[in-house]
C-alpha cells in the first residue's frame with residue numbers, strides 16, 4: 001500500500017501511517033503502537049480515534065475505496081474533456097480504479113495477507129462499495145448513450161454492460177500480477193473491445 005495524500009488532520013496522518021505500517025509488516029505483525037509511532041501520536045491518542053487494530057483496518061479499507069473511486073471519476077472527466085471516445089473514456093475510468101488499487105495494495109510484500117484480511121474484516125464494506133462502483137459505471141455508460149456518443153445493441157442495457165465490464169476487470173485484477181500501468185493498459189484494452197462489441 002502506498003501513502004494517502006497529505007491532509008492537515010490527525011486522522012489523515014493516521015491513515016497514512018496505517019498504510020505504511022500494514023504494507024511494511026502485514027496485518028498480523030502490525031501493531032497499534034507502530035501506527036501511533038509512525039503518525040507521531042501517543043498510543044492513547046490513536047485509541048481515541050480507533051478502539052482496535054481491526055477498527056483501524058476497516059477504516060483504511062473505506063478510505064482506500066474513497067481514493068480509488070475518486071481516481072476513477074477524475075479519469076472519466078479528463079477523458080471526456082479531451083474528447084475521447086466512449087470506449088476510451090470508460091476504459092480510462094475502469095483502468096484508473098484498477099491502477100489505484102494495484103499501486104496501493106499489490107506493491108506490498110504482504111499483499112496476499114492484506115487481501116485475505118480485507119475480505120474477512122471488510123467484506124461487507126467491499127461488497128457495498130463494489131456495488132456502488134458498478135452502479136457508477138452503469139451511470140457513466142447511460143450518460144454516454146444519452147449524449148449520443150454510444151448506441152448499444154438492442155437488449156443491452158447500461159447495467160448489463162457495466163456488469164460485464166466489472167467482471168472482466170475484476171478477472172484482470174485478480175489474475176497474473178503485473179505492474180499497475182501494465183495492468184491498467186490491459187484493462188483499458190478489455191473495456192474498449194467490450195464497449196465496441198456492445199455497439200449497435
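Numbers at a glance
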item: Residue count, the range 39-52 (criterion: assigned to a helix (DSSP H, G or I) and crowded, with 18+ Cβ neighbours inside 10 Å); result: 1
item: Options 156, 187; residue that is under 15 Å from the mean Cα position of the chain (by Cα) and touching a residue at least 12 places away in the same chain (Cβ under 8 Å); result: 187
item: Single match in 53, 84 (criterion: within 30 Å of residue 151 (Cα to Cα) and more than 17 Å from the chain's Cα centre (by Cα)); result: 84
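Bear in mind that the values in this text are calculations on the coordinates, not laboratory data. Just so we're clear, the structure is a prediction, and the values are computed from it rather than from any experiment. Please note: Cβ atoms are built from the backbone with ideal geometry, for glycine as well, and neighbour counts cover all protein chains shown.
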